[in-house]
Amino acid sequence: MVTCKEMRAVVIALHKKGFTGKDIDTSKIAPKSTIYQITKNFKESGSIVVKKALGRPRKSSKCQDRLLKLIQLQDRGTTSTELAQEWQQAGLSASECTVRQRLLEDGLVSRRAAKKPLLSRKNIRDRLIFCKRYRDWTAEDWGKVIFSDESPFQLFGAFGKTLVRRRQVERYHQSCVMPTVKHPETIHVWGCFSAKGVGSLTILPKNTATNKEWYQHILREELLPTIQEQFGDEQCLFQHDGAPCHKAKVITKWLGEQNIDILGPWSGNSPDLNPIENLWSILKRRVDKQKPTNSDQLQALIMQEWAAISQDVAQKLIDIMPGWIAEVLTKKGQHRKY
């Protein structure tokens with residue numbers, strides 16, 4: 001098989017011997033246009049090596065690229081169409097495709113924005129105070145904390161993304177769609193856990209007002225038995241967020257009377273510092289996987305799957321607390337992934 005390089009070498013060799021392009025063409029080693037191009041390049045460069053084509057000239061300058069990047073970073077939600085218009089106002093007419101290519105060169109890709117609680121300046125300051133206070137705590141220290149929270153569970157409200165494997169024409173096949181309803185029934189639960197395992201979990205009756213009276217009942221009937229079962233006479237800390245009913249004076253007084261110390265000061269809008277949020281995620285995935293079809297099934301599965309969560313899972317969630325604290329400090333109080 002004759003390669004392009006070998007073919008060029010033959011054409012140049014014949015050219016050096018005095019053969020014209022027409023003479024070389026009679027040998028049928030290459031089309032006439034190719035022969036003439038090879039000899040032309042040889043006369044200009046003196047080499048049979050073909051220079052790599054430079055391609056289409058770059059439409060934007062480095063200065064214009066920096067301007068585009070600056071505009072995008074000032075407002076991350078600006079679309080490529082809007083950016084192209086901004087560029088045009090700056091004197092450069094470029095397509096949306098060019099805009100996207102320039103941003104990709106800087107590592108700026110278009111992705112769906114993550115949904116996180118709004119952090120005010122006070123929230124950020126409180127998060128830093130909390131993390132600095134507990135920055136030296138080990139996993140063993142965190143093992144003496146009982147974490148608690150409330151969480152909703154929806155019927156026909158699958159948690160997270162639901163993936164199915166289907167053929168191209170089966171997008172709307174009954175077995176490949178996720179059923180939804182306009183007003184899914186929601187069940188609210190309260191639960192707690194520690195490194196020793198899951199504690200009590202209670203399902204709130206419908207139309208229950210989450211006030212201080214309700215919360216004191218939960219603490220008396222659910223928290224105290226968990227503390228006794230998991231810690232006995234050993235001292236532990238109790239974590240709850242800053243919901244109004246949690247901070248009520250009667251609740252603070254009652255917890256003091258029970259000799260229950262509070263972990264804090266807890267910052268608002270900080271679910272990423274509470275490992276029970278990860279536990280809720282695990283529980284919701286397990287419940288959704290079994291596809292409950294009515295409220296009674298949903299409640300039964302919640303209780304069943306909660307009881308099935310092993311102490312090893314709980315321990316692992318507590319073990320990573322020091323890393324979470326360090327990450328929030330590194331990010332200067334901003335959100336961490338959870």
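Computed from the Cβ-Cβ distance with R0 of 56 Å, the FRET efficiency linking LYS132 to ARG167 stands at 0.55. Rounded to the nearest 10 degrees, the inclination of helix 32-45 to the longest alpha-carbon principal axis of the chain is 90 degrees.
So which trypsin sites (Lys or Arg not before Pro) in the stretch 103-157 end up in coil per DSSP with only 16 or fewer other C-beta atoms within 10 Å? Intermediate values should be presented prior to the final figure.
Values: sites: ARG111, ARG112, LYS115, ARG121, LYS122, ARG125, ARG127, LYS132, ARG133, ARG135, LYS144; in loops: ARG111, ARG112, LYS115, ARG135, LYS144.
Passing sites in the stretch 103-157 are ARG111, ARG112, LYS115, ARG135.
Helix 321-330 against the longest principal axis of the chain: what's the angle in degrees, Cα atoms only, rounded to the nearest 10? The angle comes out near 60 degrees.
At 1.4 Å probe size, what's the solvent-accessible area of SER151? Round to the nearest 10 Å². Counting only protein heavy atoms, the figure is 10 Å².
Think of it as helices only: each DSSP H run of n ≥ 4 in the chain is worth -39500 (n - 2.57), and spread over all residues that comes to -13500 deg cm²/dmol at 222 nm. Where the accessible area of the chain is counted over protein heavy atoms with a 1.4 Å probe, how much of it, in %, is carbon and sulfur? On the chain, the fraction of accessible area on carbon and sulfur atoms equals 52 percent.
The values are calculated or read from the model by the stated rules, or taken from the named source; none is laboratory data. Since the structure is predicted, the reported quantities are computational estimates derived from the model, not experimental observations. With ideal geometry, Cβ positions are generated from the backbone for all residues, glycine too; neighbour counts draw on all protein chains shown. Surface accessibility is based on the protein's heavy atoms, side chains included, excluding ligands, DNA and RNA. Shrake-Rupley method; radii C 1.70, N 1.55, O 1.52, S 1.80 Å.
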